[in-house]
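Novice: Take this structure, written in structure tokens, and hold onto it; I'll ask about it next.
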Amino acid sequence: MNETATRLAALRAEMKRAGIQAAIIPQADPHMSEYIASHWQARRWLSGFSGSAGTLVVPAEGHARLWTDSRYFLQAAEQLEGTETELMKEGLPGTPSIEAWLAEELPAGAAVGVDAMLMSVGALRGLRTALKARGIRLDTMFDALPAIWTDRPALPKCAVFVHDEQYAGLSAASKIADALDGARAHGADALFVSALDQVAWLLNIRSRDVRYNPVATAYVYLGPEGNILFIDADKLDADVQAYLKGQGVETRPYTAVKTFIIGLSTQRRVLLDPASTAYGVLEAFGERAVEAMSPIAMPKACKNEVQIAGIREAMKRDGVALVHSLMELESRMAAGEAVTEMDVAEILRRKRAEQPLFFDESFGTIAGYGPHGAIVHYEADEKSNATLRPEGLLLIDSGAQYLDGTTDITRTIALGTPTQQERADFTLVMKGHIALAQAVFPEGTCGTQLDALARQYLWQHGLSYLHGTGHGVGHFLNVHEGPQSVRLNYVPAPLTPGMVTSNEPGLYRAGVHGIRCENLVLTVPALDTEFGRFYRFETLTLFPFDTRLFATEMMTEAELAWVNAYNSRVYDALAPMLGKQAREWLESKTQSI
């Protein structure tokens, strides 16, 4: 608390020197990443809130405000308690937007400071327009961090390695050619890529610059001047340099990117994606910029056959790791050992690390026991770490990065005899999960049009959840990727064959329990009729649901059949990879209901 107060005071001193009446500190890096390296964790450093989403607004006087979404309401409330920062629950009725709040709080003629390298083109334009209407000026050059964050972590320096074509399925050279064709379709003769996962996918390179996300901090320019990777040279060994050269890619220092942009011919037309490009980069390009969705986004999202085959194999190995993890958890608890939430995370990591092609976890494991399960993005620490008891629910959301695929799975497990409410809540969530898993939909359908399928049974009982139902998942890349999403708010990207998306409805009773049931699904062709082409989902994840939690009296015959067919498929896929004891355990968990 004292640290955050001191840091905010230092920020306000810089604001006063700059003539700024409010400062906006987003959770962002210059690449518009969701998950960011320590070097750019300014919002966390200033506020003490550690969630992956949220924006801090610091006025010259009065309390600071932190906007974050429903995944982090409980966590943010706990971490901000006792500080001078107030929580603003984004998306709820009665919570003003940042723009509306600033317009109400600040007088005409005031100035709001933000670093244009930490805000996307679209976001900054919207902010500027809203503030200008109230006579408030936006200073996009405000960056107080060099003056106040004296022990700031350095830029990440992790080594880069090549993601072999046997896993990637396509060469970097072929992807570059296709990306340039896509840029030309928009009237551009060059392409600039800021998004780290797009850089990694395009060039078939990976690194450890961002925790859990195997990406390297870099930019890419493709154009008549050459194909250039802007990256720190000491991250590239001789083999990687030779590989890049063989793919027609040269390298320049990461910090040289703006100088390069400014020096480009004024006749050059460079495509930029406004969703993943910092406004400061757009300013450097000026009139040379052509704004359009990146031609890399859809090819990256729509996995090729090699990638899909790899994901299926990764799911099998992940399922094996989960079988051994849950067996160990049950055994230790049955022996009377004190097992904690952090122990659960350790078991999962250790068992996954035993699997071939394991690289890392795909995010920090969420192991929320009882009331902690209601904290959507909970991650246990030494202070919160709860000991499991033979009662209540344990929510486990975890995943892994394998060289041939990325996994993300959530299971809700009964640690004792489940109560009537636990069974009813779980079953309502699973009815929605099954409805979405069985969806058949016409070409062009986006996730927003399917979202209600997963919520309908909860809504019928006056229940709901505030997070999205599904997010895209990368291939040995970020566990969250676009452009597709299954959620209430409109996301226009159509669900297209090859896309891997999560199916994860939930229900969270604060102070009681949390329930989430998540599989990853692949969009595949279903049928062609006189009404057009239709798609469906193939479930990829391979691990049983806890059959003790189903209230079968609430389910239809078709829903029961889906659960039994799924658990049977899990057994058939995993049993050949398991020893006798593990096979017997899995058999007991996949019995028909």
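The values are calculated or read from the model by the stated rules, or taken from the named source; none is laboratory data. Since this is a predicted model, take the numbers as computed values, not measurements. Quick reminder, even Gly has a Cβ in these numbers, built from the backbone with ideal geometry, and neighbours come from all protein chains shown. Note: areas computed on protein heavy atoms with side chains; ligands, DNA, RNA excluded. Shrake-Rupley method; radii C 1.70, N 1.55, O 1.52, S 1.80 Å.
Novice: Calculate, in nm to one decimal, what Arg17 and Ala573 gain on full extension: separation in residues at 0.36 nm each, minus their alpha carbon distance. The partial results should precede the final answer.
Specialist: Numbers: separation 556, 0.36 × 556 = 200.16 nm, distance 6.43 nm.
Computed gain between Arg17 and Ala573 is 193.7 nm.
Novice: Here is a follow-up. With only Lys, Arg, Asp and Glu charged, each at its Cβ (+1 for the first two, -1 for the last two), find how big the charge dipole of the chain is about the Cα centre; round to the nearest 20 debye. Walk me through the intermediate numbers first.
Specialist: Values: 54 positive and 71 negative charges, 131 e Å.
For the chain, the charge dipole is close to 620 debye.
Novice: Oh, and also: Could you grab the Rg to Rh ratio for region 209-367? Cα atoms only, Kirkwood for Rh. Show your work: numbers first, answer last.
Specialist: Numbers: Rg = 22.2 Å, Rh = 19.8 Å.
For region 209-367, the value is 1.12.
Novice: Please give the calculated 222 nm ellipticity per residue for the chain, where each DSSP H segment of at least 4 residues contributes -39500 (n - 2.57) and the sum is spread over every residue; nearest 500 deg cm²/dmol? Don't skip to the end; give the middle numbers.
Specialist: Values: 19 runs with 206 residues, N = 593.
Helix-only estimate at 222 nm: -10500 deg cm²/dmol.
Novice: Give me D for region 433-562 in µm² s⁻¹, whole number, from Stokes-Einstein with Rh from the Kirkwood sum over alpha-carbon pairs, 20 °C and 1.002 mPa s.
Specialist: Details: Rh = 15.6 Å.
Stokes-Einstein gives a translational diffusion coefficient of 137 µm²/s.
Novice: Nearest 20 debye, what's the magnitude of the dipole of region 40-129 about its Cα centre given +1 on Lys and Arg Cβ and -1 on Asp and Glu Cβ? All intermediate terms of the calculation are to be shown ahead of the outcome.
Specialist: Details: 7 positive and 11 negative charges, 72 e Å.
With Lys and Arg at +1 and Asp and Glu at -1, about 340 debye.
Novice: Calculate the all-directions average of the projected area of region 132-225's alpha-carbon convex hull, and give it in nm².
Specialist: Values: hull surface 41.7 nm².
Averaged projected area of region 132-225's Cα convex hull equals 10.4 nm².
Novice: Need the full-extension length gain, Ala353 to Ala185, defined as separation in residues times 0.36 nm minus the C-alpha distance. One decimal, nm.
Specialist: 56.1 nm
Novice: Oh, and also: What does the charge count around Val270 come to, taking other residues whose C-beta lies under 9 Å from its C-beta (Lys +1, Arg +1, Asp -1, Glu -1)?
Specialist: Local charge sum for Val270: +2.
Novice: Fully extended, how many nm does the chain gain between Ala338 and Asp528 (0.36 nm per residue separation, minus their Cα-Cα distance)?
Specialist: On the way: separation 190, 0.36 × 190 = 68.40 nm, distance 5.56 nm.
So the chain would gain 62.8 nm between Ala338 and Asp528.
Novice: So how far apart, in nm, are the two label points at Ala147 and Glu443 if each is 7 Å from Cα heading toward Cβ?
Specialist: If labels sit at Ala147 and Glu443, their model points lie 5.8 nm apart.
Novice: Oh, and also: Calculate the FRET efficiency for Glu346 and Thr419 from the Cβ-Cβ distance with a Förster distance of 25 Å, rounded to the nearest 0.05. Let's see the in-between values first.
Specialist: On the way: r = 29 Å, r/R0 = 1.14.
Computed FRET efficiency for Glu346 and Thr419: 0.30.
Novice: Still on this structure, I have one more. With the other protein chains left in place, how much accessible area per residue, in square angstrom, belongs to the chain at a 1.4 angstrom probe?
Specialist: Numbers: 23480 Å² over 593 residues.
About 40 Å² of surface per residue is accessible.
Novice: All other residues with a Cβ under 10 Å from the Cβ of Ala64 taken together, and with Lys, Arg as +1 and Asp, Glu as -1, what is their net charge? Before the final figure, lay out the partial values.
Specialist: Numbers: positive: Arg12, Arg65; negative: Glu84, Glu86.
Summing Lys and Arg as +1 and Asp and Glu as -1 gives 0.
Novice: Which pairs break 22 Å Cα to Cα here: Lys157/Lys300; Lys175/Lys245; Lys351/Lys580; Lys175/Lys303? List each step's numbers first, then the result.
Specialist: Working: Lys157/Lys300 25 Å; Lys175/Lys245 15 Å; Lys351/Lys580 18 Å; Lys175/Lys303 13 Å.
Pairs exceeding 22 Å: Lys157/Lys300.
Novice: Count charges around Thr496 for me, please; just the other residues with Cβ under 14 Å from its Cβ, Lys/Arg as +1, Asp/Glu as -1. Mind showing how you got there, number by number?
Specialist: Values: positive: Lys300, Lys303, Arg533, Arg536; negative: Glu443, Glu481, Glu538.
With Lys, Arg at +1 and Asp, Glu at -1, the net is +1.
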